[in-house]
Amino acid sequence: AWREGAAAESVGGAEAAPHAAAAANAASAAAAEGASSAATAAPARSTAYAGGKVVILFKATGDAPILKQSKFKVSAADRVDKVVDFVKKMVRRENVFLYVGSTFMPAPDARVGDLFDCYGTGGKLVLQYALNMAWG
């Protein structure tokens, strides 16, 4: 479910430990305790987004209409195709192209949380949308 929020609260920032550091800390703590089974456990998911939500900032590109509200909270487990459908509904168009970092179109089955982990900046995931293909 989408939650609109023009003044969305910070979802990570400085208080969240990076994924690699958290995994390293967990591994060293387990080794110190001598728990060999805990050291081989799978690393935890990133804690960069609070409560399983990611703040997405949408930016219009080209001749795409500007949204009245550009900041939304979405579940980190949502797929990109759901985000594209949402933007299509908001701009009332059939064809919408979504870009990450003004460079590439994410795969429709990619998870929003994974995109945030890799490309999120300042506690937000910035996505550009266009009505025509804009980049690669």
Can you run phi through the Karplus equation (6.51, -1.76, 1.60; θ = phi - 60°) for the stretch 105-111 and list ³J(HN,Hα) in whole Hz, with x for Gly and Pro? 8, x, 5, x, 8, 6, 8
Report the extension gain between PHE104 and ASP85 in nm, rounded to one decimal, defined as 0.36 nm multiplied by the number of residues separating them, less their alpha carbon distance. 5.1 nm
20 Å Cα-Cα reach of LYS53 towards lysines, excluding residues that sit fewer than 8 places from it in its own chain: LYS71, LYS73, LYS82, LYS124
Order 56-63, 111-118 from most to least packed using the mean count of other Cβ atoms within 10 Å. 111-118, 56-63
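Coordinate-derived values only; no laboratory data. What you are looking at is a predicted structure, and each value in this text was computed from that prediction instead of being measured. With ideal geometry, Cβ positions are generated from the backbone for all residues, glycine too; neighbour counts draw on all protein chains shown.
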